[in-house]
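Contents: one structure, followed by commentary.
What follows is calculated from the coordinates using simple rules that are stated; it is not laboratory data. For clarity, every value in this text was computed on a predicted model and none was experimentally measured. Heads up, the Cβs are rebuilt from the backbone with ideal geometry, glycines too, and the neighbour counts pull from every protein chain shown.
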Amino acid sequence: MAQTTLSHIRASRRTNNIVYAVRDIVTLAQEVAKTGKEMLYLNIGDPNKFDFATPPHLIEAVLKAMRDNHNGYSPSSGIPAAVKAITAEAEAHGISNIHDVFVTSGGSEAIEICLTALVDPGDNVLIPYPGYPLYEAVLAKLEAVANPYFLDESSGWQPDVEDIRGRIDAKTRAIVLINPNNPTGVVYERETLRRLLALAAEKGLVVFADEIYDKMILDDHEHVSIASLDKEAPVVTFNGLSKGFLAPGWRIGWGVVSGNGAILKDYVAAINKILRARLCASHPMQHAIPAALRGEKAFIDQCREKLRRRRDITHEMLNSVAGISCVRPQAAFYAFARLEIKGSDEDFVKELIRETGVVAVHGSGFGEKPGTKHLRVVFLPPEDVLRKAYANLLEFVGKSRGKGSR
C-alpha cells in the first residue's frame, strides 16, 4: 500500500479578518483561572449566568410543544403563531407596511442572513463604533467592508448624523443602528433617528435596526423603533428572546422587513432563498415567542429594577477615581468606560485579568474613536460582586497610573 503524505489544509482567506473580542478574551481568562485566582467576570452579556432566570411560562410553552411532538422541521420563516405574534408586536411599536417576518437561530442569524442577501464583495455597510462586533465579523466573511461611523461620547454616545453623511460612498448599501446600544447603553433620541432615516432615504440605504435591548430601558427614556417613523423607508428590525426575555441559550431571534414593497421585493426574495436553504430555527423553541410577546411581563420590571441599582453602582464607582470615567448608561446592562492610560486598552485589559482576575473587554474590540481608549463592563453580576470587581479595577487603574507603565 502506497504511503500517503498529509498536506497542510489551507484555511479560507475570508476568515483572516474575523475577530470577536467578547469571546476571544475568554481564552486568557481560562488560563488565569487555572492558577487558582478568583475570577470576577464582567465580560459576557448572559443574564442567566447570574441571578436572572428564564420566565416559567416560556419554559412551559416549550415543554408543551415538545410533548405535543412539535419536534420536526417548521416552516422556514417560522411557525404561524410566532410570525403572527411578532407582527402584532411590531405593529404595537408603530411599524407598518410589513412585508416579511421570519424567525431565526438567534438575532445573530437574522443579521447574517440579511447582510448576506444584501452585499457583494467590495460593498460597504455603515456600522457604529462602538458597536456589537458581530457585524464586522460577518462583513469580513462576506468580503464586504465595515464602514465605521463614530458615536459621540461628548453627547452621551448619540450618532453624529453629519459625520455619517461624510462616510457614505457609491459602494455603501446599508446603515446599522443598535438602539439601545451595546456597548454604551445609550438610547437614541427621536430627532436623531428622524435625521438618520432622512439620510438613508436620500442615499438609498437599507436601515438595519438592532433593537434586542428594547425591553431594558432603565430610566424614563423613550425608545423609538426607527421603522415606525416612515412607513416607506426600507428597514429590517431585529429582536429576539435572548435579552429582554432572558433566554439567550435558546437562540431564538427574528427580523421584520418593512417599507416600500416595490423597492424591497427582490431583497425579500433573496432573504427567503437563504431562509429556505438553512431549513428553520429550532421548532419547539419557537413556541415560546407567542408566550413571551403576549404573556405576562411583570418579570421585566423586576429585571429592570435590579439593573438600575447595578447601573448606579457602576456609574458611581467608575467615575470615582482619576484615570477612568463613564457616561451613564440608559438601557441594557453594559457600560463603556473611558480610560486615560498609556499603551493600548487591550494590553490594559489583559494585565487587569492577570493581576486582579477582573474580566472585562477592551474597547478597541467594539471600535472606538482614534486616540481614545475604553473598556466595556457588564453589570449583570450581583451588587456585592460588582463592588468587589470595581474596587479591584479602580485599584489597578491607580497603580497603573502611578507606575506610568501605560
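Between residue 190 and residue 265, the simple label model (points 7 Å from Cα in the Cβ direction) yields a spacing of 3.5 nm. Looking at the square roots a ≥ b ≥ c of the eigenvalues of the Cα gyration tensor of region 31-154, which shape do they give, rounded for a/c under 1.5, prolate if a/b is larger than b/c, or oblate? Oblate. Derived scalar couplings between HN and Hα for region 116-122 equal 4, 6, 10, 9, 10, x, x Hz in order, rounded to whole Hz, by the Karplus curve 6.51 cos²θ - 1.76 cosθ + 1.60 (θ = phi - 60°), x for Gly and Pro.
With a Förster radius of 41 Å, plug the Cβ-Cβ distance of residue 272 and residue 399 into 1/(1 + (r/R0)^6) and report the FRET value to the nearest 0.05. FRET efficiency, residue 272 to residue 399: 0.15.
Panel values: the chain, Kirkwood radius from alpha carbon pairs, Stokes-Einstein at 37 °C and 0.692 mPa s, translational diffusion coefficient 148 µm²/s. Between amide H atoms placed 1.01 Å from N, distances below 5 Å from residue 100 occur with 257, all of them 5 or more places distant or on a separate chain.
What does DSSP give for region 56-294 in terms of the percent of beta bridges that are antiparallel, rounded to the nearest 5? Can you show the working numbers first?
Details: 15 of 33 bridges.
Counting only bridges with both partners in region 56-294, antiparallel ones make up about 45 percent.
Here the calculated FRET efficiency for residue 33 and residue 312, from their Cβ-Cβ distance with R0 = 22 Å, stands at 0.15, rounded to the nearest 0.05. Bridges between two residues of the chain, per DSSP, are antiparallel at a rate of about 55%. With a Förster radius of 56 Å applied to the C-beta separation of residue 302 and residue 8, the computed FRET efficiency comes to 0.55.
Rank by packing, highest mean first: peptides 330-336, 90-96, with packing defined as the count of other Cβ atoms within 10 Å averaged across residues.
On the way: 330-336: 25.4, 90-96: 15.7.
Highest-to-lowest ranking by the protection proxy: 330-336, 90-96.
Partners of residue 34 within straight-line reach, counting aspartates and glutamates whose Cα lies under 18 Å from its Cα and excluding those fewer than 8 residues away in the same chain: 24, 351, 355.
Shape class for region 119-187, computed from the alpha carbon gyration tensor (a ≥ b ≥ c): oblate, with a/c not under 1.5 and a/b at or below b/c.
Do any GluC sites (Glu not before Pro) in region 202-287 lie in a loop, going by DSSP, with at most 11 other beta-carbon atoms within 10 Å of their beta carbon, and if so which? Don't jump to the answer; show the numbers that get you there.
Working: sites: 202, 211, 222, 232; in loops: 211, 222, 232.
Qualifying residues, ordered by number: 222.
Please state the shape class of region 41-113: rounded when a/c is under 1.5, otherwise prolate if a/b exceeds b/c and oblate if not, all from the C-alpha gyration tensor. Here region 41-113 falls in the oblate category. In loop segments of region 215-256 as defined by DSSP, the trypsin sites (Lys or Arg not before Pro) with at most 16 further C-beta atoms inside 10 Å of their C-beta are 231.
To the nearest 500 deg cm²/dmol, what mean residue ellipticity at 222 nm is calculated for the chain from DSSP H runs of n ≥ 4 alone, each contributing -39,500 (n - 2.57), summed and divided by the residues?
-12000 deg cm²/dmol
Please name whichever of 332, 70, 9 sits farthest to the positive end of the charge dipole of the chain, dipole taken about the Cα centre and charges placed at Cβ: Lys and Arg +1, Asp and Glu -1. Most positive-ward Cα: 9.
Rounded to the nearest 20, the size of the Cβ-charge dipole of the chain about its Cα centre is 920 debye, with Lys and Arg at +1 and Asp and Glu at -1.
Which of the pairs 141/273; 171/273; 243/306; 215/306; 84/297; 350/399 have their Cα atoms more than 21 Å apart in this structure? Walk me through the intermediate numbers first.
On the way: 141/273 19 Å; 171/273 24 Å; 243/306 14 Å; 215/306 14 Å; 84/297 19 Å; 350/399 15 Å.
As for pairs spanning more than 21 Å Cα to Cα, those are 171/273.
Of the residues 179, 239, 69, the one that moves most in a GNM of the chain with alpha-carbon contacts below 10 Å is 69. Karplus-based coupling profile of region 266-277, in residue order and whole Hz: 5, 5, 4, 4, 5, 4, 6, 4, 5, 4, 5, 5, with θ = phi - 60° in 6.51 cos²θ - 1.76 cosθ + 1.60 and x standing for Gly or Pro.
Over the chain, Cα pairs under 8 Å with separation of 6+ residues give a relative contact order of 24 percent.
Quick one, can you get me the convex hull of the C-alpha atoms of region 56-294 expressed as volume per residue in Å³?
Numbers: hull volume 27.5 nm³, N = 239.
Hull volume normalised by residue count: 115 Å³.
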